[in-house]
Each structure stands twice: as C-alpha cells, then as structure tokens.
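Contents: one structure, followed by commentary.
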Amino acid sequence: MTVLSTILGILFVAVGVGASIALHEIGHLLPAKTFGVKCPQYMIGFGPTVWARRRGETEYGLKAIPLGGYVKMIGMFPPKRAGEDERHLRPSGTGRVGALIDDARAQSMEEIQPGDENRVFYKLRTWQKILVMTGGPLMNLLIATVLVGGVMVGYGIPVDRGARVGSIQQCVRPAGADTTTPCTDQDRPTPAVQAGIEPGDRLLSVAGRPIERSTDVSASLRPRAGQATPVVVERDGQQLTLTVTPITHALPKLDADGAVVEGPDGKPVLEQTGFVGIAPARVYRRERQPVTAVPGAVGDAVAQTAGVVVKIPQKMVGIAQAAFGSGERDPSGPISVVGVGRIGGEVASGQIAGLGGVGSRLITLISLIASLNVALFVFNLVPLMPLDGGHVAGAVWEGLRRQVAKVAGRPDPGYVDIAKGLPIAYAMSLVLIVMGGLLIYADIVRPVKLG
C-alpha cells in the first residue's frame, strides 16, 4: 500500500507539473493569437516529438522530455536595420557571437511567409508584447491563486490558536551558553521549574491575559520580571493555577510578530527582560478563511519565493556542499522537479509526520502544486533572456525609448533588437542546465527532508 501511495503521489505531482506547464504556454498562446501573431507550434516538452496534431495554422504536440514547453511565434526578432526589406540581411559582422545572432535572426525571418509580414511578434505594440510574454507567468499566478483559495476557503488552514509548553529549561544559563548539558546542584533552577510548570501543559492565561497565540506567552511574561505572576494551565483535562516569578535575564529581542531581531552582524540582539525558562509551542486549529484573505496569502508566498530566487547563487553553494559533502539541505531552498515528485510520493505515502489523514495529504499535494506555480511565476519574470522577463524587459525598453523620442521631438528609434541579447540567453541557458543538473543530483543523493 505504501508503494502504491508513493506512486500515486508522484503521478499526482507529474500531472500537476504537466498541467501547469501546458497552461503556462496557453497563457502565451491566447494573447498572441488574439493580437494576430502567427503561432506555428504549441509544444509541451523538448526533444523528439511523441504526438502532434494540427488545428488550423498551429501544430499542437507533446515531446519526449516533459521539462518545459514553448509557443513558436513568427518574427520574434526584428530586421537588422529599420526600413530595410525584412527578408534581407546585411552581411554579418565578424566574430562567433555575431554569427550566432545573425543565424537566429535569419531563422526568424525565414519563418515569415508571404502575407505574414504584419503577423510578426516584433511589430506588436509595447503593451501587447508585455501581455503576451507575461501571459505565461500570470497563468501560473492564477493557478496558484485558485489552488490556494480553494484550500483556504474550502478546507481551511492551520491557525495559531493558543500555546502549550514545548520544553522547559531546567536551570539558568548565561545567554548563548549550551543548554543541553545537565544541570548541577550549584545551578539555579529556572522560574518555570520552581513554579511546577511541565512540558505539555496547555497555557490558558498569564497574569489574567488569555493566551490566544503562542507569541502572547513571551509578550505577557517578559515585562513582569520580579513580579509574581499567575499562570493558568490545562493538564490532563484539569485547570491548574500556578505562580511564576520571572527573573531578569539576557534574551534575544523579539519583534511584534515574535521573530528574533538580528543586528547588522546577523546575530540576535539581546535585551534584559523577564525570563521564565519555557519554550512555548503553537497549538494549531484548522479554520476556513474568507476569500479576502487569499490575495494576502498569495502575496506572502510570492514575496518569500522572490527572496529565495534572489539568493539562488548562495543557495546553490549550499546545495553543492550537501550533494558532494556532508552538509544538510535547506528545506526553504530550491528543489528540482525530481525533488518535487519525491516529496509528493512521501506525502501520499504518509512518510511526513503530521499528515495522517487522506484529506490532509491531498491538501498538502495541492499546496505543493500551488507553490510550484508561484515559483514558475516569480522565476519566469527574472528580466534575463531566455526567460519571459527578458522579453518583457526588451518591450519595456522599446516603449521607453519611443516615448522619450516622442517627447523630445526626435524620429521613432524603431524596434529594440532583442537578438543582441542572445549571448546572455545562451549563457543563461547553460547556467540553468548546470543548476538543474545539480538540483536533480542533490534531490537524488541528498533530498530535502520535511516533517
């Protein structure tokens, strides 16, 4: 049963990834066709064609390597000089890079058949180019929003609704000291030990203030150094009122959300405040959310993913160290499609703690596909070719140049020659291939562990 569940989980992820890629390309195809651009091919995957069927002027098909897709639009690159015959190419410049650019431009021109001269991509208006190239990433964002919204509104998400005592520090130690070494008779017991607080106690109130979130515990205890404080706990179904007196101690400073405040050196900022010696753990309750909460949740996911994308070079160093050394994988770091499939199999087979029911596993798999689509949205908007964001950047630059020329009373500067960005595209493609290979290898030999 575990093997079957694992296979089903992997298949679920594979279908989700394939559907996400297919819809991403539809996000490019529909606006391109709407604006009159001729699209000879819509393909899912790369390599040899496995299946293809022509509908009208477009060939739809599947290729052998399902790790992406593309929509071929004619006339992606403008002619070399404004005003010359679109089929005529000036003698190539010297150098291998120039030859590559001219070859790509020549191939682009060869796609234009008689009667298609005004159905080329490069002749679209700036806003139309932006819509075509952002259509794919926006489709991924729409998929993520629908999936996240369905989970939040229809099923609910875990919400911090109280706190319990996760662990207790037995004796008072200086800030930064090792708290795992056994305490001695000379060590001073912490206020929590003296008050009789035990691990697992449900914290109901502190100093008369109800504990609604785990962050309420520190917020209630820290200001009360030297003050006897009543703490109401639930233990074995009974409510007990205990009295604890926090002592002044150096502890990491917390912000309004309960996160540790770090200094410029990246180390926690310490402050003298009330100390008891308990580590509160969150108590979660699944609650359905209103539709109005969905945009904020998706926005947070986009921001977190963007933070990971910005740090990809740094993250890749850690991945290499984990893959070829003894380091551990960062659960918040990037993973490959192989890693996503592996996690899907582990979720479906119940190998991740806390996902006991079939419903919880299914929701986790759906959330995994949603996260993948958020990643596709963010990554494809990186303003470098061959990513969609590179073409968007070219269109924006073209529009800005024309507006500046118009305001200054100068002639129209013409189309931006994005073919000149092909060297960057080739370099980026090589980088992406190396990164993808490293991620796949790391996901096989040193996979990310969740739960």
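The values are calculated or read from the model by the stated rules, or taken from the named source; none is laboratory data. Nothing here was measured: the structure is a model prediction, and the numbers come from that model. Note that each Cβ is placed from the backbone with ideal geometry, even for glycine, and that neighbours are counted across all protein chains shown. Protein only, heavy atoms only, side chains kept; ligands, DNA and RNA dropped before computing areas. Shrake-Rupley method; radii C 1.70, N 1.55, O 1.52, S 1.80 Å.
Fully extended, how many nm does the chain gain between residue 405 and residue 241 (0.36 nm per residue separation, minus their Cα-Cα distance)? Between residue 405 and residue 241, full extension yields 51.4 nm more.
Bridgeable lysines around residue 406 (alpha carbons under 28 Å apart, same-chain partners fewer than 8 residues away excluded): 80, 123, 129, 420. Cβ screening of the chain for cysteine pairs under 4.7 Å finds these without a partner: 39. Its alpha carbons considered, segment 134-281 gives a radius of gyration followed by a Dmax of 19.7, 68 Å. Could you work out what % of the accessible surface of the chain is carbon and sulfur, using a 1.4 angstrom probe and leaving DNA, RNA and ligands out of the count? Using a 1.4 Å probe with all protein chains present, the chain comes out at 61 percent carbon and sulfur. Using the Cβ-Cβ distance between residue 253 and residue 113 with R0 = 51 Å, the FRET efficiency computed as 1/(1 + (r/R0)^6) comes to roughly 0.15. Exposed loop sites, defined as GluC sites (Glu not before Pro) outside DSSP H, G, I, E and B with at most 14 other Cβ atoms within 10 Å, are absent from the longest region of the chain, namely 329-451.
Per residue, the chain exposes an accessible area of 54 Å² to a 1.4 Å probe, with every protein chain left in place.
Per-residue SASA remark: residue 236, around 150 Å² accessible (1.4 Å probe; ligands, DNA and RNA not included).
The modelled label-to-label distance between residue 160 and residue 328, using points 7 Å beyond Cα along the C-beta direction, is 2.2 nm. Considering every Cα-Cα pair within the chain, what fraction, in whole percent, is farther apart than 42 Å? So the portion of pairs separated by more than 42 Å is 35 percent. In this view, the solvent-accessible surface of residue 10, computed with a 1.4 Å probe and all protein chains in place, comes to about 80 Å². Taking only alpha carbon atoms, segment 233-337 gives an Rg to Rh ratio of 1.08, where Rh is the Kirkwood radius. You can think of it this way: the chain between residue 300 and residue 46 has 88.2 nm of extra reach, that is 0.36 nm per residue less the Cα-Cα gap. Mean sequence separation of contacting Cα pairs (under 8 Å, at least six apart), scaled by the length of the chain, corresponds to a relative contact order of 19 percent. Which whole-percent values make up P(r) of segment 300-434 when all C-alpha to C-alpha distances are grouped in 10 Å steps starting at zero? Here the calculated profile for segment 300-434 is 10, 27, 28, 18, 10, 5, 1.
Placing unit charges on the Cβ atoms of the charged side chains and taking the dipole of segment 390-451 about its Cα centre, the candidate lying farthest along the positive direction among 415, 428, 440 is 415.
Remark: segment 151-162, residue by residue, has Karplus-estimated 3J(HN,Hα) of 5, 5, 7, x, 10, x, 10, x, 10, 5, 10, x Hz, where x stands for each Gly or Pro and the curve is 6.51 cos²θ - 1.76 cosθ + 1.60 at θ = phi - 60°.
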